[in-house]
Every structure is written in C-alpha cells, then in structure tokens.
Amino acid sequence: MDIWRWVARQVAPLRAAGHNRLAVALVQAPELAARGQTQRIEGLLAPASESAETAVLPWAGAYLRFWALRSRVGNRQHGAIALADINTMHTEVRTGEGPMCPEIVCPAELVLLALSNMDGPGHVVERSAQVSQQIDQLSPDWPSFAALSQGYAEILIDDDRPEEAITYLDRQAGRVRAAGEQTGPYYGLAYVRALRQLDRHDDALRALDHLEETTLGALPARMPGRDDVQRRVRFERARLLAWQARTGSVPVETAMEALPGVSEAEAHPDLRAAWAEAVENLVELGRVRNNWQLGAVLTGWSRYCERVGAHRRALEMSLIAARLAARRGARWVGGAARARAERALRRVRRADDLAADLAEARADAAALAPVELPVPPEQLLAHLNERPGAAPAADDPAAAAADVETRADLVVAALAVREDDLSLLAALGQLGGALRQPDAAAEAQWPRVAADPSDERAGLVLLDSLHRAEDAAGMARLARATETANPKIRHWALARAALLAGDLGACARECARLVELDPAGLGARRLGADVAARLADWPTAQRLRSEVLMLSPEPRPADRWALVVAATAARDWTTVRALAGQLGLEVPPGTGPIDQRGHAVRIRFTDEDGSPRQAYGRRTGPATARIVQVLPNGAACNVNDVVVFDPTPLEPPPPDEEARRRYAPLYRHVTTLETGGYWTYSYKGVWPGKDIWTQARARLAKAGYPTWDTATGESTGPRARTAVSPDGERLPVLAGRVAVPTDGDPAALDRLLHELTDPWPHPLTWLDLAREIGADLTAHEQAVLGYGL
C-alpha cells in the first residue's frame, strides 16, 4: 500500500468525526516532506499535540516527527547532522519508550537515507543490517515495505550490483502485487538508477516513459506526491539525455529542451546532482555557458552538502565545480572546490575512482597559466573600480555584468604580495559573497585578525564573511580572539552568532552592550531594533529607532519609515502623525488610531504552520491596513484584522500604466494590531448567476457575514471550475468562504444561507458549517456527490 492510500484511510474517520485540522495535518505532512518544507511540518505539531491530549490520535506527534525527519533526509539531503535525531526516534520505537507509532513510521528508512546521503557505498554493510532487521517482519501491504525494498535496491546499486538490484525489485514487486497492492512510482525510479549504472540509458529512458504513461497516468491529477514524482522523472530524464547528447545518441536540442531551470534545482537539494551532471555534459557540448554564475551555483550546492554532512555528495559536487572552474580558468573558485573535495574524501570509503578524479582536477589546475596583475598590487582596486561592474556585492545586480571570478583571482594574486592589505581583504569578502564562498574569503582574512585582534576594521571585515557563511563556530572563535583586545568586535560576533542560532534574547543583550561600548553607534541600534521587533517588544524597537534618527547626521528615509512601523506597532499615534508630516503624508488629525480609507494592498504573512500567504486589504494609515479577504481558519490573519506592514514594497509595480492602476502593492506583514474576531466556513456549489449572487452577498454582508469568492462563473484560467449536474450538464462552480463573528451564532448563518439559496435551481453546500451546528448533512452530501463538488 502506498503512503497516500494509507493516509486516506486514516483521514476519512477523522473528517467524519469533525477533526478537520488534524486530518489536514496528516495529509499535508507527506506532501510537505516531498517538497522539503520541514518547518511547515513542524508547524503542524500543535494540532497533533492537542489530539494526543484528547486521545483522538495518540500517534499523531510521532507521525509528524517522522515526516519532518523524512523531509530532512529526503528532499533536503541531510546526512550526519540528522543522525542524532533519527537515532533518538529509532531507539524510542525499538524500545517502546516513546509514543505509539503507526505502521507507516519506519525509522529504519530514515537511517538508510541518512547513511546514503553521507556515503552510500561506504555504508553498505550498515544499511544492509538495517534492512535485514526490518523487512522480513513486514507484510507487503505495509507502506514501509515498499520504502525498505527500494532502500535495499539502492544498497545493491551502491555495492556495484545493479543487476541484482533489478532482480530484487522484480521479486519484491511480485510480492506486492500478489498481496493485491500496487508498487507505486518510486519502484520505477529505483529501476532507472540501476539501468543507468549498467549504461543502459535507452532502457532507462523507456522505463521513465513507462512510469509516466502507466504508473503516473493511473494516478489522480491532484494526488499528493504526484508533483514530486514528476519532478524526479524530469530531472532524471535530463541527466540521461545530456549524457546521450554528449555521446551523440540524441540531438543536443533534445537534451537542452529537457533541462529544468536552475531555480527548481535550487529549491530541491535532492535533484541538484542530476542537474549538475546534466549541465556538465552540456557545457562540454558548448550549449550551456560555463560562466561564474554557474560556478557560484555549484559552489553553493557543494558547501550545502558539506554543512549537512552529506560527504559523498559534497565530494561529487565539488569535483564537478572544480572541473568546470578549471575549464574557465577560475583559480580561486577551483581551489576552494578542490579543498572541499579533499575534506569530503577523508570522510568517505570506497572512493578510489573519486580520488583519481580529484588528482586529475589538481593536474588541470596546475596547468593553468599564472595570474598576471595589470598594475602594481597597491593600485589594483583603483584599476578595477575604473572597469564596468566594479566591486560587485553578493546582492548587487551589477555583479551580473562583471567577470567576478577574474576579479577575485586578481585580488588573490595581489594579496599574495600584500597579505595584510585590509582593502584587498575587504574586496575579497565582497567577491566571496557574490561567488557563494564567503568561507574561503574568511580563511584569507583570519591571519590579519590573528596578527592584530585590536584592529576593528579587520574584525568587521572578517565578521562580514563569517556572517555570509553562516559560520557560528567561526563567530565564536572570533569572539574568543578579540575578548580582551577588541570588546566591540567580540560583542558583534556574539550578537551575530546568537541571531544565527535563533537566540533573540541573547542577541538583544549583546546589542545593548554594543550601545554601551559605542554610544554614538547606529548599527547595533538598528540590529537591536530588528530583534526587538521580532520579540514584539515594540517600545524598545521604537526607542532604538528614535535614537538612530537623533544620532544620524543625515537620517535615511528608511530609518524614518522603520520608526513609523515601530511607533504604529507601539500604538504611539502622536509620533506616527508627526512622522507622517515629515514624510509628506496627509493623515487625519487627532490622538487616536489612524483609520482612513486608502488604496488596495496585498499583505504577505506566514501562517502558523510556516506556509506563506497573501491577503488583500485596504490601507488605513502610513503602515496599517485592514484585511478585507476572508481567509481559512488557522491563517495568521482574517477578515477585518488591522495589521501593521513594512512599507517597503516587496515587488516593483507593473510597467504598463493600465496594469498599474489596478495594481495592489505587496507588503510584508509585521504584526497584528486588532483581530476582527471572525471564524470561517466554506461554501461550494453551482454558480447562480451574477445578479443573484450579488444580491445574496449583499444580504450576507448586511447581516454581518463577509464573504470571499475563490471561484465564480466569471472566473477564468486556473480559478475556473465546473460541476456536472446529475443529468450530465456542465455548470460553472461558485466556491469561497464566509465569516461569522466569533461571538455570533453559526446556526443563524445556516438559516440565512437556506433562505437565500433554497430557491436556486442548483445547490450551494456548506458542509463544515452544517457539521459544526449538528444539522442534517444529507442534502449537502448528496449535492457534493451528485454534482461532483
């Protein structure tokens, strides 16, 4: 049984009993794991804990913990850094000391994946032991049977036994079918990997085609997990076709058309290896540009593998990065890639072929011509600044126009002569950020700080690189190195390290110490205000923002707006009005909250489960808006809430003048000042026509029940939906949400909806509302089934 059918069986009785939030959590967890959205899964733990307390589903917490870990070792490719958490869960399940677990929770699968990420071939014995302890005890109709069968096939492939893997998969698939179950799409992907290792690329492509046409073709279009399988198929096909194009078996255009975009690989670490291999082959064919931007992508990915303890994957990715760097003559980037490869090689076993590849990469680098400085080293930065795209920062669009790697190699060459030149070291830090290897820049900057820990600028230059590299250990080391010689740098390092660790209280304390050390300093106040805002300590945030304005010789508009936000959140309307005048904004006089009817806006916020959401609102003040959209229960905001937003737009307006007139700017949600006090229910049925529905919405609004449509008969594109009447007529769908005051009577809304919709020729349903008030569900359920709603 695949996981999705297992989940469906668990969810049905939960929905029937009214535990919709928990049912949603069970459905979402595997889907979120497939997308690598670990934080969102962790955000689902609250309803699971509630269910455990009420004995609705005692194993829900363990189930969600499993999927959070599955997300880490699956999509996110975590290796060594996940083992401690996995071993804890494994021990609890094995000894029975932890919460009861359902059959889908299989910690052995997590161990297999983590060890595979670390070093698949090097951990064949340990992985085999995990499978042998588990799989013989399982029935083929258990969801974990398929996962462990695929895991053992992967072990055979890593042990250079791909033919045995195919035989084993055939045998296990036969057992699954004999039990009346289906193998699922992931079996097919394991076949493809075995065929690829056997150099049977045509067979592997045919297997992918078969997987799409049969296994995927038989699945519902909206089935959870389908997108994940389709992504894997596309990336695997791209890898196979790129190799075949390189060998002349298929046209290069075919391989290029199959190559997914880099942003998709960026979002899914488990697909990066396939993309990198495909691109390396297409670079060899001259169809993909081997430029510094590609190098930065591969550098970032290999560093990610190193950070999460995926040692073999770090080695393989670093070797690709090193080979391509040598081809384009990038010495510094190539050297850093080889250094990462060397570190990873020391952590893996059975890697003679990769060691040989590394030796070849060293030889390629040694053959590169030495870097020649165009001017004396002390004049290099001035020379580079005269050229287009000079001194690009990591987030600077101008960097796209510059050959950043060439500049970096020149700076490194100059540093070989002037190793203590702080301007050169600072430039290297900026270039390292653009090239996604700030760790390599920090390595070059450390000796300068070690030689003179009292040099504040040297400490700040190094700290900037450590911050870019998210190197908490490096920040702690810097704090120790400057403890007596430079307390200011020490506290900056501790503040940044605390922020990286999520310890906002510690970061705030370090910022306060920095203000004591440097009473006129602005940076610590800005960081302290940011932290205070995250802690919802708005009086402190306002005080620090006010001090920034007072101490700044030339205050920036951004600082004024930051104070507007803090003062608004602190409800200091006098200050908000004064600042509005300074910014040239007209606001109504008075002393209370500002509530004027402004233009439409969109507010981006984060739900309780970590998922992003946008909501429409109406601007009511310099940094406030009232939400007008009815949102699902559990969303961070709902209709009639008054929110504070950051007035910095998150996107540019459209270039077309007509589009700009209809455009609602997008802003980031900061905090909620007032909750509107509404609970939401859904409605869905057949579109009755514009006039009828307009009148019905007006009646609902007059009674205090705001609505928001998600589909109407006037919807086009993805929002357009259709129902099918019992006699086969296709009809447009009306769907949306209606809100009831939390102190109101849902039964009154039910009565009004009946009054409004009973005369309609086709039904409108509101199942969740009817279920909550204990109404007869028969008519609603018959309409849902009869019209395919």
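Quick note: the coordinates plus some simple rules give every number you see, no bench work behind them. Because the structure is a prediction, the values reported are computed rather than measured. Neighbour counts run over all protein chains shown; Cβ positions are idealised from the backbone, glycine included.
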Loop-only check: which trypsin sites (Lys or Arg not before Pro) in segment 277-307 are DSSP coil with at most 15 other Cβ within 10 angstrom? Arg289
Final fewest-first order of Ile166, Ile773 on the 10 Å Cβ neighbour count is Ile773, Ile166
Cα centroid separation, segment 412-432 to segment 496-534 (Å): 29
Estimated FRET transfer efficiency when R0 is 41 angstrom, pair Thr484-Val371 (beta carbons, to 0.05): 0.60
About the Cα centre, and with charges only on the beta carbon of Lys, Arg (+1) and Asp, Glu (-1), how big is the dipole of segment 289-443? Nearest 20 debye, please. 800
To the nearest whole percent, what portion of all C-alpha pairs in segment 485-564 is separated by more than 16 angstrom? 46
Glu781 to Thr716: extension gain in nm, 0.36 nm per residue of separation minus the Cα-Cα distance? 20.7 nm
Between Asp170 and Thr648, how many nm apart are label points set 7 Å from Cα along the C-beta direction? 6.1
Scan segment 309-376 for GluC sites (Glu not before Pro) in coil per DSSP, keeping those whose Cβ has at most 14 other Cβ atoms within 10 Å, and list them by number. Glu372
Estimate the FRET efficiency between Asp743 and Asp503 by the formula 1/(1 + (r/R0)^6), using the beta-carbon distance for r and 35 Å for R0, to the nearest 0.05. 0.35
Report the gain in length on full extension from Arg9 to Val262: 0.36 nm times residue separation, minus Cα-Cα distance, nm rounded to one decimal. 87.3 nm
Under 13 Å from the Ser139 label point (7 Å along Cα→beta-carbon), backbone N, segment 156-188: 179-181
antiparallel share of DSSP beta bridges within the chain, to nearest 5, in %, is 90
Could you tell me, in Å, what Rg and Dmax come out for the Cα atoms of segment 600-674? 12.2, 38
Between beta-carbons, use under 13 Å as the cut-off and find the net charge around Leu549, counting Lys and Arg +1, Asp and Glu -1. +3
Tell me, His780, His599 in order of fewest to most beta-carbon neighbours within 10 Å? His599, His780
Which of His311, Val252, His599 sits farthest toward the positive end of the charge dipole of the chain, with +1 on the Cβ of Lys and Arg and -1 on the Cβ of Asp and Glu? His599
Size of electric dipole in segment 600-674: Cβ of Lys, Arg +1 and of Asp, Glu -1, about Cα centre, debye, nearest 20: 260
Sorted from largest to smallest, which semi-axis lengths in Å does the alpha carbon gyration tensor of segment 540-622 give for its equivalent ellipsoid, taking the root of 5 times each eigenvalue? 24, 18, 12
Along the Cα-to-C-beta direction of Ala46, a point sits 7 Å from the Cα; which residues of segment 623-639 have their amide N less than 15 Å from that point? 632-638
Potential lengthening between Lys702 and Arg327 on full extension [0.36 nm per residue; Cα-Cα distance subtracted]: 128.0 nm
Which entry in [x] -0.31, -0.96, -1.29; [y] -0.48, -1.05, -1.27; [z] -0.33, -1.12, -1.49 is this structure's computed log10 I(q)/I(0) by the Debye sum over Cα atoms at q = 0.05, 0.09, 0.11 Å⁻¹? [z]
Using a Förster radius of 45 Å, what is the FRET efficiency between Asn633 and Arg349 based on their Cβ-Cβ separation? Nearest 0.05, please. 0.30
What is the ratio of the Cα radius of gyration of segment 678-787 to 2.2 N^0.38 Å, with N the residue count, to two decimals? 1.02
I need the GluC sites (Glu not before Pro) found in segment 486-593, filtered to DSSP loop residues with at most 15 other beta carbons within 10 Å of theirs. Glu586
